[in-house]
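Asks: Sending over a structure as C-alpha cells; questions will come in a sec.
The values are calculated or read from the model by the stated rules, or taken from the named source; none is laboratory data. The structure presented is a predicted model; accordingly, all values stated were derived computationally and were not measured. For neighbour counting, all protein chains shown are included, and Cβ atoms are generated from backbone atoms with ideal geometry for every residue, glycine included.
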Amino acid sequence: MAEARSAVATPRVQKKDLGTTDSFDDLVKSYRQMIVRNYFRFRNSIRNGVWPTSTNNLGVACGVSLYLLEYEPQYAQPVTAHLKRAIISLPLPAKTPRWLANLVGSVGISVVFFITLMKVRQYLLRILLAYRGWMYENVREVSWKTKLWGLTVKFVSGYQPSLYSCQRSLPRMPVPPLDETLNKLLDSLKPLCSEEELKNYAKQANHFESTIGPRLQRFLYLKSWWAPNYVSDWWEKYVYLMSRCPLLNNSNYYALDHYIWCPTNRQVSRAANVVHSILSMKRKIDREELQPLLLRNTIPVCMAQYERLFSTVRVPGEEVDELLHYESCESRHIVVWRQGLFYQLSIYDDKNQLLSVTVLEQFFQDIINDADKHKESVSESERSVAALSNLPRKEWAHILREHFTTGINSDNMDLINKAVFMVILFDKSPENISDKGKTLLHADGRTLWCDKSVNICFFPDGQCGLNVEHSMADAPAMGHVWEYAMTMEVIERRYLENGQVMPPPKNFKQGKIPLPRRIIWDITDALEKEINRAVTLNQKHNDDVDLEIRNHNKFGKGVIKKARISPDAFIQISLQLAYYRHTGRFCQTYEASATRLYQNGRTETVRSCTEESAAFVRAMVEGRMVKEDLLRLLRQSGNWHQKLYRDAMNGLGIDRHLFALYVVSKGLGYESQFLESVIRRPWTLSTSQQPQQQIQANTPDINLEPFRKMCSPGGGFGPVSDDGYGVSYMLPTEYNIFFHVSSKRSCSTTDSRKFADLLFKSMDDIRLLFDDSQLDS
C-alpha cells in the first residue's frame, strides 16, 4: 500500500507545458545537447588518440612541406628532391596543376609523417615510463641517469594532456616471477608462524612451484599481453562484485570535511556550494578537461577510475553484482533525501547550464520544508525503504526482483540508478568527530542508499561528508574530487556574512528549471515486512561498530621526516608496536598501495608486519637495548618498509599475483591447497594512508597557522576482521596526524579507544628515541 499519496501536492504544470510549442522546444534542446555532447566526444577522441603529438603538428608539417615544394629554397634541396619524388609516385592525372599536386602531396606526406611521429612517441613514452629507478632514489640525491630520463620524458610527452590522454602511453602491469613471489610470501610469514608452520608452507610452496604453478603463470603472462591489466578486472569482479556481504561497514567508506573550520552554519547553503563544486568537477571529467595527475610533475598515473565516479550504481545480483554507468545525456538529476522522503532534482536548466548555487540553495530549502511538513503522513516503512540496499546482496537482489521491477517502484529505481549522486540532508548534527564518522559510515541503517557511487551528506550545523561505494573506484579518485570541493571553499569567497551562498555574477541568466519532484513508493505488506527486517538487521550491525577518530598533534610528519624516516613507515611500525603491546603477538597486516602507474591499475598489498619491524618491536618491549641500537633497528625496519611499498607500486607485490593465480586455478579446475591456505589467511590489521594535496592549483600552504584548522581529517572504513582493527590515517600537515580506528564491539578482545591510546603511546615512545639535536634542520 502507498499510504501517503494524498500528502503530495499536485505537480505544478504551466499551460505552456501542455502545448506543442514546448515539444518543439524540447526537440531543439535535445538536438543541441546531442551536438555539444558529440563535439566533446569527437574532440577528445582525436586528442587522446594522437597524444603526445598534437593536430598542430600535422598543420605545421603540411605548411612546411608545401613551402618547400612551392619555393624550393636552396638550403633544403635534398629534402625537396625527396618530396618531389614522392609526389611523382602519386596516381594523379597528368594535367594536374603544379600547385594542386604540391598541395595533395604535402598533405599526404604530412599525414604519413604525423602518424609515424605519433606512434614513435607513444611507444617511446611507454618504454620510458616503464623505468622505475627514480622511485628507489632519494629525492634530494637523484642520479644523472634519472635526471636524463626525466628530461627525456618531458621532451617526448605532449603539452596540456586531457584527462585520458596518457592512457595509451602507460605501461601494462608486469606479472612478477613466480619464484620471487613465493620467496617474498615465505619471508612475510616468518614473524607470524611457528617453525613447523613455516616448514609446512615452504613444502607446499615448493610443490606448487614444481607442479601447477608454472602452468598458471603462463596463463597470466598470456593475459598480460592482450589485457590492459592482468588482475584489475578479476579484482573488481571477485573481490567486490561477488561479495555477498552488506555494503555498509564492510565495503563502503566515508570521508569528512574540514576538521574544525566550517565556512557556514547553514545546511542548505553548504549543500548548495559543495554540490555545485562537485557537479562542476563532474562536467570537467565528462568533457575530459581535467588534466591527469603527475608524480613529481613528470610521471602520469592512470585516470580510468574517474569515468565511473558519478552516475554509477551497483545493482545487486543473485551471485554477482553489476556496475551500471550512465552517460550524461541520461543522468541529468540528483536524488535528495530528507526525513526518509526522496526527491528528484534536475541539475540543468533548458540551456544546459548547471543550476546556480542560489537556485540549489532555494530548492534544498523547499525540499526540507516539504519533507518536514509531510513526514508524519508517510508510513515509517516507506521512509525506511533505503534500508533494503544494505541487506546481504543476494537477499537485496531477490527483493529487487520481486518488488521493484514493475509499476511505480520500477520507475523510482530507474530514477535513483540514473541519478548523478545522492544528497542526504540530515535533521540532527553529530555530537563529536567520532559520532560524525559513524553517521557517515552507516547512519541509522535506513538513510544511505549504499548502491549509489556516492552519498553526499549534510548536517544542520553546516558540516558535511561522504559515503562512497568502493567497487567502482578506489579512495584516491573520489578523494581528488572531494579535495577540490573543500579547497574551493577556502580559496574562494563563496558565502555572505550571514552564511548564505554568494550569488552568481549579474550577467548570469538561469534558464527554465524543472521543480523538485517527490518520489512515492508503493509499499505492499510483504515489502513492509522486508523493510522492517532490513532496518532491524542494519541497526544490529551498526551498533556493533566501534569507531574512534583521533587527532595526534604532539608532532606530525615534519618531525618524522627530519629524523630521516618515512612517515608512512613510522606509522606502520607504531601500529605493530601498539598491536604487540595490546595482544602480545604479531598479526598479518594489510596496507593498501596504489598501482596506478600502470594501465587500469588499482591497488596492491604491502605486508607491513616484517621480520625487521618485529625485531624492533621486541626490542622496544623488552627495553634492554640502548637508544642507538633501537634507532638502528627502527631505520632498518623503515627502509625495508619503504622498499616493500615501492615494490607494491611497481607491480612487484605478493598478494595480487597470488590472487590472480588462484582465480586461474579455479577457472582451469585445479585444486591447490597452498593457494587456498595463503589466500584465506585473515588480515587482522587492515590499514590505509589517505591521499592528500591532489589538486593542481595555487592553493595556500596548509601548514600556515590560519589554514591548519581547515585541513580534512580524511576518512575511514569498518573493520575487515571480526577480531581485528581497521585503521585509516591522514597526514594533512607537518604538525598533526589523524587516525580512524574501527573494530567490533561483539569481539571481547578489541577496543578501538584502547588501541588508539596504545597507538599514540607507541608513536610518542618512538619519538623519544630522537634527541632534538639528532633531527635534521
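Asks: Restricting to the stretch 443-495, and then to whatever is at pLDDT below 95 and among the β-branched types (Val, Ile, Thr), can you tell me which residue is farthest from Pro392 (Cα to Cα)?
Replies: Only one residue tops the list, namely Ile491.
Asks: Determine whether Leu597 is crowded, with 20+ Cβ neighbours inside 10 Å, assigned to a helix (DSSP H, G or I), at pLDDT 95 or above and not basic (Lys, Arg).
Replies: So Leu597 fails the test.
Asks: Can you name the number of the only condition in (1) in contact with a Pro (Cβ under 8 Å, 6 or more places away or on another chain); (2) surrounded by 17 or more Cβ atoms within 10 Å (Cβ to Cβ) that Asp257 fails?
Replies: Among (1) in contact with a Pro (Cβ under 8 Å, 6 or more places away or on another chain); (2) surrounded by 17 or more Cβ atoms within 10 Å (Cβ to Cβ), the lone unmet condition for Asp257 is (1).
Asks: Which one of these is surrounded by 16 or more Cβ atoms within 10 Å (Cβ to Cβ), of a type in the set (Ser, Thr, Tyr) and at pLDDT 85 or above: Ser110, Ser162, Ser143, Ser194?
Replies: Of the residues listed, the single one that is surrounded by 16 or more Cβ atoms within 10 Å (Cβ to Cβ), of a type in the set (Ser, Thr, Tyr) and at pLDDT 85 or above is Ser162.
Asks: How many of the residues making up the stretch 534-554 are out of contact with any Lys or Arg (no Cβ under 6 Å at 6 or more places or on another chain) and either without any contact (Cβ under 8 Å) to a residue 24 or more places away in the chain or not in a helix (DSSP H, G or I) (or both)?
Replies: Residues in the stretch 534-554 being out of contact with any Lys or Arg (no Cβ under 6 Å at 6 or more places or on another chain) and either without any contact (Cβ under 8 Å) to a residue 24 or more places away in the chain or not in a helix (DSSP H, G or I) (or both): 9 in total.
Asks: Here is a follow-up. Give the stretch 197-209 a look and list any residue that's surrounded by fewer than 17 Cβ atoms within 10 Å (Cβ to Cβ) and of a type outside the set (D, E, K, R), or say none.
Replies: Residues satisfying the conditions are Leu198, Asn200, Ala202, Asn206, His207.
Asks: Of the conditions (1) under 24 Å from Asp349 (Cα atoms); (2) of a type in the set (S, T, N, Q); (3) within 31 Å of the chain's Cα centre (by Cα), Asn432 clears all except one; give me its number.
Replies: Answer for Asn432: the failing condition is (1).
Asks: Here's a follow-up. From Ser742, Ser762, which residue is in a strand (DSSP E or B), buried (at least 23 other Cβ atoms within 10 Å of the Cβ) and either in contact with a Leu (Cβ under 8 Å, 6 or more places away or on another chain) or on the phi > 0 side of the Ramachandran plot (or both)?
Replies: Ser742
Asks: Next up: Go through the stretch 356-394 residue by residue and tally those that are crowded, with 18+ Cβ neighbours inside 10 Å, outside any loop (DSSP other than H, G, I, E, B) and not β-branched (Val, Ile, Thr).
Replies: So the answer is 15.
Asks: Of the residues in the stretch 71-106, how many are over 18 Å from Ala61 (Cα atoms) and surrounded by 13 or more Cβ atoms within 10 Å (Cβ to Cβ)?
Replies: 2
Asks: Could you tell me which residue of the stretch 679-694 is modelled with the lowest pLDDT, considering only residues that are surrounded by 17 or more Cβ atoms within 10 Å (Cβ to Cβ) and either farther than 15 Å from Arg607 by Cα or not β-branched (Val, Ile, Thr) (or both)?
Replies: Only one residue tops the list, namely Gln692.
Conditions (1) within 20 Å of Cys193 (Cβ to Cβ); (2) outside the structural domain of Ser224 (by TED's automatic domain parsing); (3) within 32 Å of the chain's Cα centre (by Cα), marked per residue:
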site: Tyr598; (1), (2), (3): no, yes, yes
site: Thr603; (1), (2), (3): no, yes, yes
site: Ser613; (1), (2), (3): yes, yes, yes
site: Met620; (1), (2), (3): no, yes, no
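Asks: Quick check: anything in the stretch 513-533 within 30 Å of Arg270 (Cβ to Cβ), basic (Lys, Arg), surrounded by fewer than 18 Cβ atoms within 10 Å (Cβ to Cβ) and at pLDDT below 95?
Replies: no
Asks: I would also like to ask the following. In the stretch 165-175, which residue that is in a loop (DSSP other than H, G, I, E, B) and crowded, with 21+ Cβ neighbours inside 10 Å is farthest from the chain's Cα centre (by Cα)?
Replies: Val175
Asks: Can you tell me how many residues in the stretch 146-159 are surrounded by 16 or more Cβ atoms within 10 Å (Cβ to Cβ), assigned to a helix (DSSP H, G or I) and modelled with pLDDT under 90?
Replies: 1
Asks: Could I ask something else about it? Inspect all residues belonging to the stretch 563-584 and state whether any of them is over 30 Å from Pro176 (Cβ atoms), touching a residue at least 24 places away in the same chain (Cβ under 8 Å) and either among the acidic types (Asp, Glu) or not in a helix (DSSP H, G or I) (or both).
Replies: Within the stretch 563-584, one or more residues are over 30 Å from Pro176 (Cβ atoms), touching a residue at least 24 places away in the same chain (Cβ under 8 Å) and either among the acidic types (Asp, Glu) or not in a helix (DSSP H, G or I) (or both).
One line per residue, one yes/no per condition, for (1) over 29 Å from Val741 (Cα atoms); (2) in a loop (DSSP other than H, G, I, E, B); (3) among the aromatic types (Phe, Trp, Tyr); (4) modelled with pLDDT under 95:
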{"residue": "Asp233", "(1), (2), (3), (4)": "yes, no, no, no"}
{"residue": "Leu248", "(1), (2), (3), (4)": "no, yes, no, no"}
{"residue": "Tyr254", "(1), (2), (3), (4)": "no, no, yes, no"}
{"residue": "Trp261", "(1), (2), (3), (4)": "no, yes, yes, yes"}
{"residue": "Val275", "(1), (2), (3), (4)": "no, no, no, no"}
{"residue": "Met281", "(1), (2), (3), (4)": "yes, no, no, no"}
{"residue": "Leu290", "(1), (2), (3), (4)": "yes, yes, no, yes"}
{"residue": "Tyr306", "(1), (2), (3), (4)": "no, no, yes, no"}
{"residue": "Val313", "(1), (2), (3), (4)": "no, no, no, no"}
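Asks: Ala592 versus (1) assigned by TED's automatic domain parsing to the domain that holds Gly638; (2) more than 28 Å from Tyr735 (Cα to Cα); (3) of a type outside the set (Lys, Arg): which is the lone unmet condition?
Replies: The one condition Ala592 does not meet is (2).
Asks: Is it the case that the stretch 208-218 has a residue that's in a helix (DSSP H, G or I), touching a Lys or Arg at 6+ places or on another chain (Cβ under 7 Å), of a type in the set (S, T, N, Q) and more than 20 Å from Tyr590 (Cβ to Cβ)?
Replies: no
Asks: Ok, one more. Quick one: in the stretch 716-739, of everything that is within 18 Å of Lys438 (Cβ to Cβ) and in contact with a His (Cβ under 6 Å, 6 or more places away or on another chain), which residue is surrounded by the most Cβ atoms within 10 Å (Cβ to Cβ)?
Replies: Ranking the qualifying residues of the stretch 716-739, first place goes to Gly716.
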